[in-house]
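J.: Sharing a structure with you now.
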Amino acid sequence: MTNQEIFDLISRFEDSSLHTLKLSTQDFSIELSRGGAPVSTASAVPSAPAPRPTGGESRPDRNSGPTVKAPLVGTYYAAPAPGQPPFVSVGDRVKKGQPLCLIEAMKMMSEIPAPCDCVIEEVLKADGQLAAFDEPLFRYQPC
């Protein structure tokens, strides 16, 4: 199932009167439920609290400007592999299309590219954190 098909499924679920939806295929499984609706299956995955920006490389005084947002839900990775330096750091000048990070979803790695030539002003996620759909990952200043 492609990311677009998953987004379409979520959108249709939100527009419906259903309280829960569980879809399983040979390759993956997804379960959706509305807030407050009890999930009665024993295999339900507990939801984690929404991640907050970390203080690691971020500068809290910079709270405006364009951001690079997560195009999908998954695990954020700052580097191409464990033990390697991150793709970008605060203050780096990057070119349009240059990889900024990786997001792993369903055992597939997706590179997140720079939207334009820019300077990275703030890194909003810590390595290994869960990234939500449309959640800001980086704050940047176009060049």
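The values are calculated or read from the model by the stated rules, or taken from the named source; none is laboratory data. Small disclaimer: the values here were computed from a predicted structure and weren't measured. Cβ placement follows ideal geometry from the backbone for every residue including glycine, while neighbour counts extend to all protein chains displayed.
J.: Test Val39 against the stated conditions and say whether it is surrounded by 12 or more Cβ atoms within 10 Å (Cβ to Cβ) and at pLDDT 80 or above.
T.: no
J.: Still on this model: Can you say whether Pro85 is farther than 17 Å from Ala132 by Cβ, over 13 Å from the mean Cα position of the chain (by Cα) and surrounded by 12 or more Cβ atoms within 10 Å (Cβ to Cβ), as far as the supplied structure shows?
T.: Taking the combined requirement at face value, the residue does not satisfy it.
J.: With respect to Leu18, determine if the residue is at pLDDT 75 or above, over 28 Å from Ala126 (Cα atoms) and either more than 17 Å from the chain's Cα centre (by Cα) or part of a loop (DSSP other than H, G, I, E, B) (or both).
T.: yes
J.: Now, a different point. Would you mind stating whether Glu5 is out of contact with any strand residue (DSSP E or B) (no Cβ under 7 Å at 6 or more places or on another chain), exposed (fewer than 10 other Cβ atoms within 10 Å of the Cβ), at pLDDT 70 or above and in a helix (DSSP H, G or I)?
T.: Yes; evaluated as a whole, the condition is true for this residue.
J.: Which pairs do you get when a residue that is over 18 Å from Lys107 (Cα atoms), found in the stretch 1-26, comes within reach of a residue that is of a type in the set (S, T, N, Q) and part of a loop (DSSP other than H, G, I, E, B), reach meaning Cβ atoms under 9 angstrom, with the pair 6+ apart or on two chains?
T.: Thr20/Ser40; Thr20/Thr41; Lys22/Thr41
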